[in-house]
Amino acid sequence: MTVKLKPLFNFDNLPTPELIGNGLTGKDILSVEQFDQDKLKYVFARAHEMRELVERVGHCDLLAGKVASCLFYEPSTRTSASFIAAMERLGGSVIPITQGVQFSSVSKGETLADTIRTLEQYSDVIVLRHPEIGSAQVAADYSRVPVINAGDGAGEHPTQALLDLFTIREELGRIDGLKIAMVGDLRYGRTVHSLTRLLTQYDVSLRFVSPEILRLPLTIMNHVIDAGLDVRETHDVADVIKNADVLYVTRVQKERFTDLAQYEEVKDHYVITPEIMTQAKEKMIVMHPLPRVGEIHYTVDHDPRAAYFRQVKNGMYIRMALLAAVLGRA
Ligand code: NCD
């Protein structure tokens, strides 16, 4: 009599890494253009699970044995800390070259390409922030491990846009139908660039509030117009505050100005105060990628509509979800 043994594993039924990460496994994350509705839903669903995980047990070993290099050529608090926290809560580890680029070989004149080709020898993923537009793409061209763009100059900041969108959905329960006003440095603010591009996938009204010299770049404005969205520009917060569902406030990006006198002229253009907040809807939310340098008055923090620190926390869940997807673990 022959006994047919049940196989211990049915390898045919194991999900492939592609299915685990819904197309993100092994991929670079350079721009929000990579995210269609299906991928957004996937990342948001995973981020929800990450929240549950953190709230219930704090950590797990999903990324045990995985190493991320965090290479930051520009200052960062939230983005670098949240990537590190995300990696550690998932049981992975980090090579942090964040606050100390000046102590690394970069200060000896090493090129980005060589630094990337070195870090890829040690790590499974590289998180990069760099002052030049397109630098994340350059790094990805040299790297055999996935590169995650944590801000390339005034270009993009895709992981911030994902956490921003996630925050809007968490706070207001939907994206479609909302009136979203972006305030401040729309010219150099990469978070605005990425979030705006992402929002063209939804049925939203966009209001852009900035001084003349800090208007949204034309390429992005054309993108919004091509998508057929209801869009208006103004210099005045008073024009948008009554109807806005989301007030997305940004810092004037001093480091991008070549003429500091020009920066001085516009730096204090907008300050959100409790008085301004009295004109806003009861369910409106105020967001900010942070750091703030005066554009939201500290007394606004007590207003339940101030969502910026909840937004910070969502950043960790989104980055946990992205790292797990990119590294093919779910
Ligand atoms: C933003 C950035 O670096 O682009 N910060 C962040 O990542 N949370 C916004 C800013 O620096 O003003």
In this structure, the FRET efficiency calculated for ASP259 and ASP38 from their beta-carbon separation, with R0 = 51 Å, to the nearest 0.05, is 0.70
Considering the chain as a Gaussian network with a 10 Å cut-off on Cα pairs, which listed residue, VAL266, VAL209, VAL286, attains the greatest mean-square fluctuation? VAL266
What does the net charge come to around ARG310 if you take all other residues with beta carbon closer than 9 Å to its beta carbon, with K and R at +1 and D and E at -1? -1
With the dipole of the chain defined by +1 on each Lys or Arg Cβ and -1 on each Asp or Glu Cβ, the option from LEU216, ALA113, THR278 whose Cα lies farthest towards the positive pole is ALA113
Keeping all protein chains in position, work out how much accessible area GLU33 exposes to a 1.4 Å probe, and write it in Å² to the nearest 10. 100 Å²
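About the Cα centre, and with charges only on the beta carbon of Lys, Arg (+1) and Asp, Glu (-1), how big is the dipole of segment 158-312? Nearest 20 debye, please. Mind dumping the intermediate values first?
Values: 19 positive and 23 negative charges, 68 e Å.
That gives a dipole near 320 debye.
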Leaving out ligands and nucleic acids, note down the accessible area per residue over segment 158-312 with a 1.4 angstrom probe, in whole Å². 43 Å²
Could you pull out every one of the lysines with an alpha carbon less than 21 Å from that of LYS27, ignoring same-chain neighbours closer than 8 positions? LYS39, LYS41, LYS66
Using the Cα centre of the chain as origin and beta-carbon charges of +1 (Lys, Arg) and -1 (Asp, Glu), tell me which of VAL138, ALA154, CYS70 is placed farthest towards the positive end of the dipole. CYS70
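Using a ≥ b ≥ c from the Cα gyration tensor of segment 123-164 (square roots of the eigenvalues), is it rounded, prolate or oblate, where a/c under 1.5 gives rounded and otherwise the larger of a/b and b/c decides, a/b for prolate?
Working: a/c = 2.56, a/b = 1.31, b/c = 1.96.
Oblate, because a/c is 1.5 or more while a/b does not exceed b/c.
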Roughly what % of DSSP beta bridges within segment 158-312 run antiparallel, to the nearest 5? 0 percent
Given +1 on the Cβ of Lys and Arg, -1 on the Cβ of Asp and Glu, and no further charges, what dipole in debye does segment 244-330 carry about its Cα centre, rounded to the nearest 20? 620 debye
By its C-alpha gyration tensor, with a ≥ b ≥ c as the square roots of the eigenvalues, how is segment 17-127 shaped: rounded for a/c under 1.5, else prolate for a/b larger than b/c, else oblate? prolate
Once the chain is represented by equal point scatterers at the alpha-carbon sites, with solvent omitted, what log10 I(q)/I(0) does the Debye formula produce at q = 0.12 Å⁻¹? -0.84
Lys and Arg at +1, Asp and Glu at -1: add these up for the other residues within a Cβ distance under 12 Å of LEU63 and post the number. +1
FRET efficiency for ALA45 and SER93, Cβ-Cβ distance as r, R0 = 25 Å, nearest 0.05? 0.45
For segment 158-312 (alpha-carbon point model, no solvent) the Debye-based log₁₀ I(q)/I(0) at q = 0.09, 0.12, 0.15 Å⁻¹ works out to -0.25, -0.45, -0.73
Relative contact order for segment 245-298: what is it in percent, counting Cα pairs under 8 Å that are at least 6 residues apart? 60 percent
Quick one: pull the percent of accessible area on segment 158-312 belonging to carbon and sulfur, 1.4 Å probe, ligands and nucleic acids left out. 49 percent
Grab the other residues whose beta carbon is less than 11 angstrom from that of LEU30, score K and R as +1, D and E as -1, and report the net. -4
Where in the chain are the helices, taken as whole DSSP H runs, whose Cα atoms extend 30 angstrom or more along the long axis and whose Kyte-Doolittle mean reaches at least 1.0? none
Nothing charged except the Cβ atoms of Lys and Arg (+1) and of Asp and Glu (-1): what's the magnitude of the dipole of the chain about its Cα centre? Round to the nearest 20 debye. 960 debye
Rounded, prolate or oblate: which fits segment 157-211, taking a ≥ b ≥ c as square roots of the Cα gyration tensor eigenvalues, rounded meaning a/c under 1.5, else prolate when a/b beats b/c? oblate
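The values are calculated or read from the model by the stated rules, or taken from the named source; none is laboratory data. Just so you know, these numbers come straight off a predicted model, no measurement behind them. Glycine gets a Cβ as well: all are built from the backbone with ideal geometry, and neighbour counts include every protein chain shown. Heavy atoms of the whole protein, side chains included, go into the accessibility calculation; ligands, DNA and RNA do not. Shrake-Rupley method; radii C 1.70, N 1.55, O 1.52, S 1.80 Å.
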